[in-house]
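Undergrad: Sharing a structure below in structure tokens format, with a few things to ask.
The values are calculated or read from the model by the stated rules, or taken from the named source; none is laboratory data. What you see is a predicted model, and the numbers here were worked out from it, not measured in a lab. When we count neighbours, we look across all protein chains shown, and the Cβ atoms used for this are built from the backbone with ideal geometry, even at glycine. What goes into the accessible areas is simple: the full protein's heavy atoms, side chains included, and nothing from ligands, DNA or RNA. Shrake-Rupley method; radii C 1.70, N 1.55, O 1.52, S 1.80 Å.
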Amino acid sequence: MPINAQKSCLVTAFLIRNSPCAVTHYLNLHCLERGTSFASPWLNGINLSRSCCQHHYIPELINYVDFDKSPYYADKGDFTTAGYVSFITKNTLDRNFVKAEGGRFGTVRTVGGINLLSGKTNAYVAGEYFHSDGFFESLQHFNRLNLTGRINTRLGDHDLLTGSLSLFNSSWDASGQIPERAVLDGTITRYGSIDDSEGGNSARTNAFLKYGHTFANGGFFEHQAYIVDYDFDLFSNFTFYLRDPVSGDEIEQQESRTVYGYKTSYIQAASLRSKELRTHLGAGLRYDDVNDITLSHVEARKFLGYRGAIWMR
């Protein structure tokens, strides 16, 4: 997998923890908080801005990884203080493949991909399924499904048209955070729970169409239009029985949104006195159609009432 070699010296470790909702990044061996100190990953020019959808890619399909440090990049936004990472998937598979993996705690992963077309037009489809029960006393029941398809066709010697559709769905149960004192006094073990009804499910669909043209002077002009449909349902309990000693403080967060976007860019490389120059111009538009945002009080995932005035439809 190619990595931007000019920037690799800046990053000594980039890890993604295989958990259902939380994704942990490490930059120069420092743990980063997603979306604040570290920008959410980009996949084929689309920002995976929702935390539970950062598993929305199949590692075997990644062709290129770009990353860098700094609080701001014009094409990546300013919602970061440490850096960003961007993944680009392959235009065509090196070969058809099927793979099955297994491990402890009921962990199973199957993945496969097949080329449908090759030549002037390339196309492939791929899929991945992952399941794990985790190592906690309350089983995690984590299930993840990824499906993706991509097609590229050359319209001439200097023009490339690319389209892609990808689907992601995951569901999980979680033991949640636990108080240290409960472990020390023997109420629960280190792998036990106070409220094991946490968890949720997340689903996302990405589609994009991209057109690129290379000019005779080496300049490259690109247009990309995309649409993202996203649904999220998360159950959490951060304070146990602090506010409600009878039913507990579990909450449910729900969100449904559709994102429409377009961006264009022009890249020109040149040299001045043996120094390499690179000009990158671009613009973009994004519209988020957000619906059904709720914050509810629940008990064992059963609705009890809305929390305060935080309710919008």
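Undergrad: Using the structure shown, decide if TYR266 is touching a Leu at 6+ places or on another chain (Cβ under 6 Å) and either open to solvent by 80 Å² or more (accessible area, probe 1.4 Å) or among the β-branched types (Val, Ile, Thr) (or both).
TA: So TYR266 does not fit the description; no.
Undergrad: May I ask you to list the residues in the range 73-91 that are within 11 Å of LEU61 (Cα to Cα) and surrounded by fewer than 15 Cβ atoms within 10 Å (Cβ to Cβ)?
TA: Across the range 73-91, the qualifying residue is only ASN91.
Undergrad: Only one residue in ASN217, ASN206 is polar (S, T, N, Q) and buried (at least 20 other Cβ atoms within 10 Å of the Cβ). Which one?
TA: ASN206
Undergrad: Consider SER138 carefully, then state whether it is surrounded by 14 or more Cβ atoms within 10 Å (Cβ to Cβ), free of Cβ contacts under 8 Å to residues at least 60 places away in the same chain and within 18 Å of the chain's Cα centre (by Cα).
TA: Considered against the rule, which asks whether it is surrounded by 14 or more Cβ atoms within 10 Å (Cβ to Cβ), free of Cβ contacts under 8 Å to residues at least 60 places away in the same chain and within 18 Å of the chain's Cα centre (by Cα), SER138 comes out as no.
Undergrad: For the range 111-130, give me each residue that is charged (D, E, K, R), under 30 Å from ASP157 (Cβ atoms) and open to solvent by less than 40 Å² (accessible area, probe 1.4 Å).
TA: Hits for the range 111-130: nothing passes.
Undergrad: Restricting attention to the range 180-195, does a residue exist that is free of Cβ contacts under 8 Å to residues at least 60 places away in the same chain and within 30 Å of GLY284 (Cβ to Cβ)?
TA: So far as the range 180-195 goes, no, none of its residues is free of Cβ contacts under 8 Å to residues at least 60 places away in the same chain and within 30 Å of GLY284 (Cβ to Cβ).
Undergrad: Regarding GLY127, is this residue touching a Leu at 6+ places or on another chain (Cβ under 9 Å) and in a strand (DSSP E or B)?
TA: So GLY127 passes the test.
Undergrad: Within the range 245-258, identify whether any single residue is out of contact with any strand residue (DSSP E or B) (no Cβ under 7 Å at 6 or more places or on another chain), within 30 Å of ILE178 (Cβ to Cβ), modelled with pLDDT of 90 or more and surrounded by fewer than 14 Cβ atoms within 10 Å (Cβ to Cβ), and answer yes or no.
TA: Just the residues of the range 245-258 that are out of contact with any strand residue (DSSP E or B) (no Cβ under 7 Å at 6 or more places or on another chain), to begin with: 245-246, 249.
Still in the list and also within 30 Å of ILE178 (Cβ to Cβ): 245-246, 249.
The next check asks that each one be modelled with pLDDT of 90 or more; those that pass are 245-246, 249.
In the following step, the residues that additionally are surrounded by fewer than 14 Cβ atoms within 10 Å (Cβ to Cβ) were identified as 245-246.
Looking through the range 245-258, at least one residue is out of contact with any strand residue (DSSP E or B) (no Cβ under 7 Å at 6 or more places or on another chain), within 30 Å of ILE178 (Cβ to Cβ), modelled with pLDDT of 90 or more and surrounded by fewer than 14 Cβ atoms within 10 Å (Cβ to Cβ).
Undergrad: Go through the range 178-207 and report how many residues are over 30 Å from VAL228 (Cβ atoms) and not β-branched (Val, Ile, Thr).
TA: Counting residues in the range 178-207 that are over 30 Å from VAL228 (Cβ atoms) and not β-branched (Val, Ile, Thr) gives 13.
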